[in-house]
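The values are calculated or read from the model by the stated rules, or taken from the named source; none is laboratory data. These numbers were taken from a predicted model, which means no experiment stands behind them. Positions of Cβ are backbone-derived with ideal geometry, glycine not excepted, and every protein chain shown enters the neighbour counts.
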Amino acid sequence: MLSVSAAYRLISFVKALRMRLNLAESETDKRVSLESPKGILARIQALRMAWIDNSRYFPLMLLMPVLIFFLLWNIIPLLWMVGMSFYNFSLITGQPPRFIGFRNFIDIYNSFAVWGSLGKTFVFVFFSVGIETVLGILLGILFWGSTTLPGRRVALTLLFSPMVLTPAATGTFYRLIYEPTFGAANYLTTLFFGTKIDFLGDKLWALPAVLLVDIWMWTPFMILITLAALGSVPKAELEAAEVDRLPWPKRFWYVGLPHAKFILMLGVLLRTIDSFKVMDLIYQLTRGGPGNTTEVIGITLFRKAFEGFTMGWSSALAVITLLMAIAFTSIFLYILSLRKRGSEV
Amino acid sequence: MFKRKVAFFMVILVLVVALTAAFCIPRSQAAEHPLKGKKIDMAILGIGGWLPSRLGVDMSPLFAKYAKEKFGYEASFTFAEAPFSALFQKAASTLATRSQEYNIIISDSQWLGALAEPGWIIKVSDLIKKHPELDIEWYDPVVVNTYMEYPEGSGELWGLPEEGDTIALFVRTDLFHDPAEKKAFKEKYGMDLPQTFEDFENLTMPDFEKIAEFFTRPEKELWGTAMQYSKEYDFMTMYLYPFMFSMGGDIWDPKERRVYGILNSDINAKAMEWNRRMLKYQPPGAVNYGIAEEIDAFTQDKVATAFQWAAVGLAMITDQNRDRVMVVPPPGFKQKDGSLKRLYSIGGQPWVINAYNDEAHMTVAIDFLKWWYLPETQLEFAKRGGNPCVKAVLEGPGFEDIQPWFRAFKYMLKTTRSRDFWHEPKYSEMLAAQQEGFTAYATGSVDDPKLCLEYAACEQQKILYEAGRSKIKPPDSCADVRLR
């Protein structure tokens, strides 16, 4: 039960709000006394409806939760991180942060280890995305052209399963598969080549072995993208190609690809961004070893930030990697804009 | 008159008895415990999958019973855990926010500096002054240097040993005591296979290498030994240091905090070469071996011997191999004067107490630690597989017979045989740099041990210098050092 004074305060508040919004008094309002609780509720409801109906505030209301979340969890930490990148600060020395300008960035620029990690990251991105794209398109075409194949749905479900596993779990069981004395991979190498390979311990094999796991895990994503892309090809054009008896490769190249290439490009770019920040899978498999053979930039950053607790330096490296990710996103947006331009022409 | 005298005498007697009784009653019984009747929930953060760490909590019901009986309050314990490599991260993230999420933490010894500098843990030196029950006589000064003291040599104490740990050699007696193997070994190398604890006490590393070579039979899925070379946390470091320390090398000067010029020495380069050479006698994939992988290799009978932490004795000695395993000191290194030196890395973890505990939790934490070091508690800890450090317990009758590895553990828990390294706040960064350098050489990514040492020394000197921990700047030549 509202006390009388509280009810008056509420009514005044409602009135003031209504005046600010220039809301017209509804018929219901006229019939119900302002002082009665029923009247207050009716007014609150009317005001709420007015807010919802107002085209100016309604989108803002819908966006508000996301904006607040984004501000709290993205913008503020991001600005904090950018600020921190100009400081020398370690979480564990008990010393306060010390402003050092661009020294962290200069240090990173001069660091062979960082350049080495970046080099390995680009090698990893190039091969993983490249092979996943080729395999994904080939398998996607295979499934696209076999709609009446028995067990197609089961096969697709099985094929997509690696994608839904967590990288940590995948890394763990692949470590066992690669195990040199009892792993399944070495059972096969012994069977076919009569020799065992220390896949994760050998400096020559470690990166290809890690790449293979990533390809196994993410090729299904490219299959999915390919199927989605080919699904956007107009049926009439496909039927026309069939009437013209166009062979399959030409049918894909001249009919399918012009429509599918934008969605395929989206998949490639999403995979590029994802591969660029890979960390968990490799960490679980090799910890970046042997030596630093598989130490990609994500692992270097993890080590410095969460093993070394050098918050300033790590923030600087995170800012650099963020800029690189933004560069990838810009390419992605540019390519998507090409579609728009193409359709306008 | 006589009656009055008797009465007066009686009054005096009663007064004397009453006063004497008042002084004789212990204070603990006289004053009630401040938490009497209350219920306190405690949380311990420990190392995941690490038995001695787990024992701290597994034994907590015993403390709960003790506290209820002795102090009249109820205490319950929950256990949060993280693997070695993530433990500090987990602790730091709560302590940095002044949280008492974990009231007691089982830290690694090298974290003492990093926990002490920001004021996250309480100073045990001060605690001991207030609670003399915690002023315990430890088995050897190495216990104090390793688990309690920061900075090195300062005498300031920040931790108390939860469990001690040393490297021991786990040996398969079904192979070593087999007459056919003994005969074949004698014929091949002209020496006897060591049979007893004392034989291994006198075993040199070159002779051990012969043994490892002898048992390396890949066609039978058997290899001579197993060590740790993994890049994770400190695994590689802990198994390379024994070669460096025992051959006369050093890693830094703790006073000046000088690394460059000490770590990158010729002796240490030779130690690295020797350490890598030992991979010849280990199963394929040993470059990625950590504690768990080594346990697997030994319990699956893939190796004849294994250099392993005494703390995982229960995992190394299973029901299947219990009757055919003996635990002995690891081999020594012959010195120029003919003496035998073995200076291995020391493991083990200290208890540290969260400085942000409220009064009630702090009281229970202190009560818990006092209970932990009672001889009967320590003995129970030992029976369950933990390695105690209290002198009275280790020197008690029958201690060496409680667990198969206790004799080797006790033998190695000496300043002359086991050694810890940096308790620096910058520990983790320094460790990551040298793990990178050391594993690069062990795995063959880099073939020059001097270059790897140069890299680690430059990086560590730079870390210390830039953090203001050392006045010694890394030389300009460090700018060109890279692992290629």
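One table, with the values for the structure above:
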| read-out | value |
| --- | --- |
| Set B:Gly338, B:Gly396: member being at positive phi, small (Gly, Ala, Ser) and either in a helix (DSSP H, G or I) or surrounded by fewer than 19 Cβ atoms within 10 Å (Cβ to Cβ) (or both) | B:Gly338 |
| Test: A:Gly298 is within 14 Å of chain B (Cβ to nearest Cβ) and in contact (Cβ under 8 Å) with a residue 40 or more places away in the chain | no |
| Some residue of segment A:105-113 being of a type in the set (A, V, I, L, M), without any contact (Cβ under 8 Å) to a residue 24 or more places away in the chain and surrounded by 11 or more Cβ atoms within 10 Å (Cβ to Cβ) | yes |
| Segment B:381-405 residues that are within 19 Å of B:Val328 (Cα to Cα), paired with ones that are of a type in the set (S, T, N, Q) and modelled with pLDDT of 95 or more (beta carbon under 6 Å, 6 or more apart) | B:Pro388/B:Gln378 |
| A:Val233 surrounded by 15 or more Cβ atoms within 10 Å (Cβ to Cβ), more than 14 Å from chain B (Cβ to nearest Cβ) and either among the β-branched types (Val, Ile, Thr) or in a helix (DSSP H, G or I) (or both) | yes |
| Residues that are outside any helix (DSSP H, G or I) and more than 9 Å from chain A (Cβ to nearest Cβ), drawn from segment B:430-484 | B:Asp447, B:Asp448, B:Ser470, B:Lys471, B:Ile472, B:Lys473, B:Pro474, B:Pro475 |
| Considering residues of segment A:114-124 that are among the β-branched types (Val, Ile, Thr) and at pLDDT 95 or above only, the residue surrounded by the fewest Cβ atoms within 10 Å (Cβ to Cβ) | A:Val123 |
| Verdict on B:Leu379 being out of contact with any Lys or Arg (no Cβ under 7 Å at 6 or more places or on another chain), aliphatic (A, V, I, L, M), outside any strand (DSSP E or B) and within 14 Å of chain A (Cβ to nearest Cβ) | no |
| Filter result for the condition that a residue is farther than 29 Å from B:Ala456 by Cα, buried (at least 19 other Cβ atoms within 10 Å of the Cβ) and more than 14 Å from chain B (Cβ to nearest Cβ), over A:Ser315, A:Ser330, A:Ser275, A:Ser337 | A:Ser275 |
| Single residue of B:Ala306, B:Ala310 found to be surrounded by 24 or more Cβ atoms within 10 Å (Cβ to Cβ), among the small types (Gly, Ala, Ser) and within 24 Å of A:Arg287 (Cβ to Cβ) | B:Ala306 |
| Subset of segment A:303-312 that is within 10 Å of chain B (Cβ to nearest Cβ) and of a type outside the set (Gly, Ala, Ser) - its residue that is farthest from B:Tyr233 (Cα to Cα) | A:Thr310 |
| Residue match in segment B:407-421 (condition: in a loop (DSSP other than H, G, I, E, B), within 14 Å of chain A (Cβ to nearest Cβ) and buried (at least 24 other Cβ atoms within 10 Å of the Cβ)) | no |
| Qualifying residue in segment B:134-141 (condition: within 30 Å of B:Met205 (Cα to Cα), of a type in the set (Val, Ile, Thr) and surrounded by fewer than 24 Cβ atoms within 10 Å (Cβ to Cβ)) | no |
| Any hit, segment B:186-204, residues being crowded, with 20+ Cβ neighbours inside 10 Å and polar (S, T, N, Q) | no |
| Residue tally, condition within 12 Å of chain A (Cβ to nearest Cβ) and hydroxyl-bearing (Ser, Thr, Tyr), over segment B:108-137 | 0 |
| Elements of type helices (runs of 4 or more DSSP H) in segment B:198-316, at least 1 residues being away from chain A (no Cβ under 14 Å), modelled with pLDDT of 95 or more and within 21 Å of B:Ala184 (Cβ to Cβ) | B:205-215 |
| Top-ranked residue of segment A:130-175 - restricted to ones that are touching a residue at least 40 places away in the same chain (Cβ under 8 Å) and over 24 Å from the mean Cα position of the chain (by Cα), ranked as surrounded by the fewest Cβ atoms within 10 Å (Cβ to Cβ) | A:Gly145 |
| Test: residue in segment A:239-255 that is in a helix (DSSP H, G or I), surrounded by 19 or more Cβ atoms within 10 Å (Cβ to Cβ), in contact (Cβ under 8 Å) with a residue 40 or more places away in the chain and of a type outside the set (Lys, Arg) | yes |
| Selection within segment A:77-123 - within 9 Å of chain B (Cβ to nearest Cβ) and touching a Ser or Thr at 6+ places or on another chain (Cβ under 6 Å) | A:Ser90 |
| Some residue of segment B:69-82 being within 12 Å of chain A (Cβ to nearest Cβ) and buried (at least 18 other Cβ atoms within 10 Å of the Cβ) | no |
| Pair list, Cβ < 8 Å and 6+ apart or interchain, from segment B:75-92 residues that are without any contact (Cβ under 8 Å) to a residue 12 or more places away in the chain to residues that are part of a strand (DSSP E or B) | B:Gln89/B:Ala82 |
